[in-house]
Structures are given as structure tokens and as C-alpha cells.
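Enquirer: I am attaching a structure below and will ask some questions about it afterwards.
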Amino acid sequence: MQFKGRAIIAAGLFLVSGFILAQGAGPNRNLGNNIPVQPAPDNSSSGPPRAGDISIDVNLVNLDVVVIDKSGNPIGGLEKRHFKVFDDNVEQKITNFTTVESPLTIVVIVEFTPFVVYYNNIYASVGGFVQSLRENDWAALVAYDVRPVLITDFTRNKGLLYEGLQSLKIPTTSERGLFDAVYDTLQKLDKVDGKKAIFLLSTGLDSISRHTYGETLKKAQSSETMIYGVSVGQLFRLYNPGMSQELNIELLAADNQLTQLSLATGGTTFLPRFDTEYPLIYDSISHQLRNQYNLAFIPTNQKRDGKFHKLRVEVENLDVNKDGKPDGLKAHARQGYYAPKP
């Protein structure tokens, strides 16, 4: 199914968008105006901290890890001794370990096309996730069709995010630049320190991006930002049983693309079939983000060759619920990193 039209998004939004590909003079390419220096101790800063404002050891590899049981429930309360980290199958010494909860920096990305809007209530499906954010979390809202547009800059004010969602009413093109939206957002979040995540509501389809799927996957693999995807493809197939086999295959492939992008970062993609599943999805994402372990190590292989290193985190299969049986614990973390180049 193809929807025809021309992409029109309010011109006022262009003035604040850091994601639009500049043509001619173009707008500012920053994410927005609210990424200042690291917050003051009184927590009164106007935006999330920048990674560039903090001195770090360039050889240190950081991993945010989520541990779930066989039922998908996040597990807290584990200790450093319960984990093992492997870099290209070589076990590494964990030098840093923390479970301290910290504020989140979230970018909500919404595909703004008829495919999504007319078969999905954006306000309801994304609004519930916004509601799950805490008062010290930072969030921004981005909508994309032909290109990504910053709708609401980083804020702690949920009301501003809701207003942004309510403005997404009349999509006028079926062209979608998913890979550009994800790639550019990951690139912007590289500048932000702390726990970072992307909440992505999308079909997983792409028709016009400058970046390829391979380039975007590579960017995700090297990112410290977790991607949590929510596909609307299942819902569309449910309400359109007579769709062509070609479109069905495209949507299945798109679901796989969303899944792989999430897995690369240690996140998860959800494939709901009914609107009633959304509350459970928000609850799962929120619990995973709030129950993370941060591990760090200095790689034994110090070659600066720019090559990709596969990472694997193992967790001891404990009997957490004390029922006499191991709980099938699994660790979710990003799949690797790229060594620096000389």
C-alpha cells in the first residue's frame, strides 16, 4: 500500500530542528538548544549532561547491562561476581561495577506517516511511555517522514511532550527515512553522558534515507545508547488480512531490522498485535531501564586498528526467586564496539 502526498511539517518546527538535513543556509545542526554543560548539584540545569564535559579513559569500555529471567522480568540485586565479560571470546577483568540508579536521557522517535497514524493512536501508544518517565528524566520528541524533525527539545516537562504528540495529526507522505532518524539521533546522543535510550515507534520500513541499514546497524553497534523499538507492523497486518504477499514480506523484514538494531545496543523490540499490549510494553521498558548494571573494563587487546570487537556478557544462572530451580537468567548488552584508529 502506498500513500501519496508531499511532506509538510509546520515551518516553525524547522527553526528548532537539529535533524533536518541543511540545504542552503539551513537550521542549526545541534540536537536542540537544551544540551548544556553537566548539571549542577542542585539539579537545576536546563538539560542533560554532555559527555564532552567529563574526562574519561579512552581505553575504558562501558556496558549497560540488563538481566532478565526466562519470563522476561528484569532482575536486580546482583553483584560483580555474578558477571563475566568477553571481548572477542577472551574474558576481561571487570574494573568498574555499579548499580546506582541515575536519571535517563530519552529520545522518543515516531514515524509520522499515514501507515502509522491511521492504524495507531500515536498519542495513546507513546503517551503511556512518556507518563512512565520520572521527574528527573530528560526526554525529547522527534518525528520523521522524509527527514527527522525535532518536535520537542529536551525537557523534564511531560506537558510539553504531550503537546508535541498532539501536534502529529495529519501526515501527508508515505516516504520514510528511518535509518537517518536513528543514525542522526545516536550521533547526537554520543555527546550526552549517563544512561541514554531511544524509544522508537515505527514500521521498520525505509524508503529515502541517506544512510543504509548496514551503516545504521554499525552505528548502533558502537553506541552506548539502548534502542527500544515498538513495531506497528503486526497491528497493520491484523487489520489488513487481505494485504499483498509482497507487503507482508516487507513488513516481516522490517520487523527484523528493528529487532537487530535493538539487539545491537542491548535493547529490545516489541511486536504488539493489540493496543492493549502497550501498557505492558511501557512497564517492561521502564523496568529494564531502571534495573541496569554498569560494567566497565580495559580491553587486553589494545590494538588501535579500528576493527569491530564482539562483546558477550554472561551472568550466573541463579535461583533468584528461591524456588529451587535456576531462573534462566540472561544478560542483554550491546554486541560490540569499534577499536579506535591510530
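The values are calculated or read from the model by the stated rules, or taken from the named source; none is laboratory data. As the structure is a computational prediction, the values presented were derived from the model and not from experiment. For neighbour counting, all protein chains shown are included, and Cβ atoms are generated from backbone atoms with ideal geometry for every residue, glycine included.
Enquirer: Got a sec? Which of Pro241, Pro272, Pro299, Pro342 is assigned to a loop (DSSP other than H, G, I, E, B), surrounded by 13 or more Cβ atoms within 10 Å (Cβ to Cβ) and without any contact (Cβ under 8 Å) to a residue 60 or more places away in the chain? Walk me through how you get there before you give the answer.
Expert: Values: Pro241 fails: surrounded by 13 or more Cβ atoms within 10 Å (Cβ to Cβ); Pro299 fails: without any contact (Cβ under 8 Å) to a residue 60 or more places away in the chain; Pro342 fails: surrounded by 13 or more Cβ atoms within 10 Å (Cβ to Cβ).
Pro272 is the lone residue from the list that is assigned to a loop (DSSP other than H, G, I, E, B), surrounded by 13 or more Cβ atoms within 10 Å (Cβ to Cβ) and without any contact (Cβ under 8 Å) to a residue 60 or more places away in the chain.
Enquirer: Scan segment 155-177 and tell me whether some residue there is of a type in the set (Asp, Glu) and within 22 Å of Leu189 (Cβ to Cβ).
Expert: Among the residues of segment 155-177, not one is of a type in the set (Asp, Glu) and within 22 Å of Leu189 (Cβ to Cβ), which makes the answer no.
Enquirer: Which of the residues spanning segment 164-178 are more than 12 Å from Glu111 (Cβ to Cβ) and buried (at least 19 other Cβ atoms within 10 Å of the Cβ)?
Expert: Gly164, Leu165
Enquirer: Exactly one condition in (1) assigned by TED's automatic domain parsing to the domain that holds Phe115; (2) in a loop (DSSP other than H, G, I, E, B) is false for Lys322; which is it?
Expert: Lys322 satisfies every listed condition except (1).
Enquirer: I've got another one for you. Which one is modelled with the highest pLDDT among residues in segment 65-86 that are over 20 Å from Val100 (Cβ atoms) and assigned to a loop (DSSP other than H, G, I, E, B)?
Expert: Per the stated criteria, the residue is Asp69.
Enquirer: Which of (1) surrounded by 18 or more Cβ atoms within 10 Å (Cβ to Cβ); (2) at pLDDT 80 or above does Ser17 not meet, given it meets every other one?
Expert: Failing condition for Ser17: (2).
Enquirer: Here's something else I'd like to know. Within segment 149-163, restricting attention to residues that are within 24 Å of Ser207 (Cα to Cα) and either touching a Gly at 6+ places or on another chain (Cβ under 7 Å) or not assigned by TED's automatic domain parsing to the domain that holds Ser174 (or both), which residue is surrounded by the most Cβ atoms within 10 Å (Cβ to Cβ)?
Expert: Among those residues, the one meeting the criterion is Leu150.
Enquirer: Something else about it: I'm checking my understanding of the structure. Among residues of segment 99-130 that are surrounded by fewer than 20 Cβ atoms within 10 Å (Cβ to Cβ) and farther than 17 Å from Gln288 by Cβ, which one is modelled with the lowest pLDDT?
Expert: The qualifying residue modelled with the lowest pLDDT is Tyr119.
Enquirer: So which residues in segment 252-261 are among the hydrophobic types (A, V, I, L, M, F, W, C) and either surrounded by 20 or more Cβ atoms within 10 Å (Cβ to Cβ) or under 17 Å from Phe199 (Cα atoms) (or both)?
Expert: Scanning segment 252-261 gives Ala254, Leu258, Leu261.
Enquirer: Can you find, within segment 162-181, the residue that is nearest to the chain's Cα centre (by Cα) among those that are modelled with pLDDT under 95 and aliphatic (A, V, I, L, M)?
Expert: Across segment 162-181, the extreme among qualifying residues is Leu165.
Enquirer: With the structure loaded, tell me whether Arg304 is under 20 Å from the mean Cα position of the chain (by Cα), over 30 Å from Val232 (Cβ atoms) and of a type in the set (D, E, K, R) or whether it fails that test.
Expert: no
Conditions tested, residue by residue: (1) assigned by TED's automatic domain parsing to the domain that holds Asp180; (2) in contact with a helix residue (DSSP H, G or I) (Cβ under 8 Å, 6 or more places away or on another chain); (3) within 30 Å of Arg81 (Cβ to Cβ).
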{"residue": "Val230", "(1), (2), (3)": "yes, yes, no"}
{"residue": "Tyr239", "(1), (2), (3)": "yes, no, no"}
{"residue": "Thr276", "(1), (2), (3)": "yes, no, no"}
{"residue": "Asp283", "(1), (2), (3)": "yes, no, yes"}
{"residue": "Lys310", "(1), (2), (3)": "no, no, yes"}
{"residue": "Glu314", "(1), (2), (3)": "no, no, yes"}
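Enquirer: Give segment 302-334 a look and list any residue that's in contact (Cβ under 8 Å) with a residue 24 or more places away in the chain and small (Gly, Ala, Ser), or say none.
Expert: The answer is Gly306, Gly328, Ala331, Ala333.
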